[in-house]
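Everything below concerns the one structure shown next.
The values are calculated or read from the model by the stated rules, or taken from the named source; none is laboratory data. None of the values given here were measured: they were computed from a predicted structure. Cβ coordinates were reconstructed from backbone atoms using ideal geometry, including for glycine residues, and neighbour counts include every protein chain displayed.
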Amino acid sequence: MKRYWPTLEGFRAIAAQPSIAVAEIAWRWSFGAAVAALLTFSLLEYLDTLSITRGEVLLLKTRQPVLISQVLQHVFRGSGFRVMESVIVLGVTLTAAWIVVAGLARAATMKALLAYFRTRLEPSSDVETAKMRLRSFFGLNFFHVAITVAAAVGCLAAFLLAGLASPIADPAPGAAFLVFLLVMMLVWLVWSTLHWLLTLASIFAAADGQDTFGAVAAAVDLCRRRAGPVLAVGTWFGLSHLAAFFVASTAAGAVLGFARMLPPGLILGGILLVTLLYFAVADYLCVGRLAACVAILEWPGPPVLTQAAEPLPPESNHPFAFSIPPGSAVDPDELILSDLPTPG
């Protein structure tokens with residue numbers, strides 16, 4: 001059987017089918033742009049509801065911190081309830097929209113990846129995929145939101161624990177920073193693990209048509225059975241992501257190096273371009289990692305030998321007679337077996 005490397009197959013898949021990665025980047029950026037536009041318009045509408053008098057404008061022009069703070073307190077007084085209403089409505093609406101849009105987009109991406117690998121396995125046959133359950137993708141995205149909210153609560157807990165480690169009566173900034181760093185690292189580790197597990201579960205929701213919990217259980221089982229390939233794929237794509245971040249950081253630093261020679265608008269545009277390119281590469285690598293995991297699932301693993309050799313009878317006097325316990329595995333195509341002489 002021909003040996004294959006899932007990581008290379010993941011890169012090969014997104015190189016042979018770049019439209020899959022481009023579609024993933026397109027829907028992510030489109031949704032992000034829509035969210036940014038909606039938040040901007042909401043902020044402008046909120047600011048339009050605030051009233052300010054000419055006297056307050058004159059006080060703002062004085063540039064005195066005390067006067068400016070008093071004016072701002074007067075302008076924003078009584079608007080906190082409107083802000084909370086807007087935040088709740090926007091949060092719930094955007095979350096529901098992301099669950100639906102991301103579910104539909106991920107289903108399309110997984111369908112294309114499965115068709116690609118199954119066509120490579122059986123190029124002459126019609127490729128059929130299991131009927132997908134969109135509810136499974138929506139459920140997985142709901143859990144994505146849930147763990148993200150839990151991570152946000154964990155970050156808040158990191159601040160609170162850091163404050164408890166450094167009380168006002170006996171300040172200890174070093175201990176506070178250490179507690180904050182450890183809690184944040186733990187939160188990030190748990191969140192990233194669960195996030196990737198839910199992403200991996202989407203493969204089974206597409207390949208086998210499983211429900212949400214069945215897909216998560218299948219993803220856990222795959223990590224247990226094929227821990228080596230899954231870990232290798234995560235390691236290589238993680239290193240690739242780290243290299244992309246290093247290159248982007250270096251490029252951003254190089255742009256900032258020209259801050260004294262170029263206009264601020266040009267510097268800001270350069271930083272924005274580098275950031276967008278980094279996000280594009282990150283999404284590209286995310287699709288490649290998914291493709292590598294699909295390769296692990298769809299393509300067979302190392303040769304599994306299932307035909308057991310029958311032991312020779314104990315009374316056999318053949319000089320090369322040997323006995324193999326029942327259940328042992330022997331590869332019938334192993335060339336070394338041809339070295340045995342033929343009885344007779």
Next item on the list: For residues that are part of a helix (DSSP H, G or I) and loosely packed, with under 11 Cβ neighbours inside 10 Å, scanning just the stretch 71-90, find the one that is farthest from the chain's Cα centre (by Cα).
Entry: GLN73
Next item on the list: Restricting attention to the stretch 207-235, report how many residues are of a type in the set (Gly, Ala, Ser), under 17 Å from the mean Cα position of the chain (by Cα) and within 25 Å of ARG133 (Cα to Cα).
Entry: 2
Next item on the list: Tell me which of these THR49 doesn't satisfy, since it passes every other one: (1) surrounded by 10 or more Cβ atoms within 10 Å (Cβ to Cβ); (2) closer than 30 Å to LEU90 by Cβ; (3) of a type outside the set (A, V, I, L, M).
Entry: (1)
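Of the residues VAL153, VAL179, VAL190, VAL183, only one is part of a helix (DSSP H, G or I), within 22 Å of the chain's Cα centre (by Cα), β-branched (Val, Ile, Thr) and more than 24 Å from PHE213 (Cβ to Cβ); which? Working first, answer last.
Numbers: VAL153 fails: more than 24 Å from PHE213 (Cβ to Cβ); VAL179 fails: within 22 Å of the chain's Cα centre (by Cα); VAL190 fails: more than 24 Å from PHE213 (Cβ to Cβ).
The conditions single out VAL183.
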Notebook entry, point to check: Is it the case that some residue within the stretch 57-70 is modelled with pLDDT under 85, assigned to a helix (DSSP H, G or I) and closer than 30 Å to LEU104 by Cβ?
Noted result: no
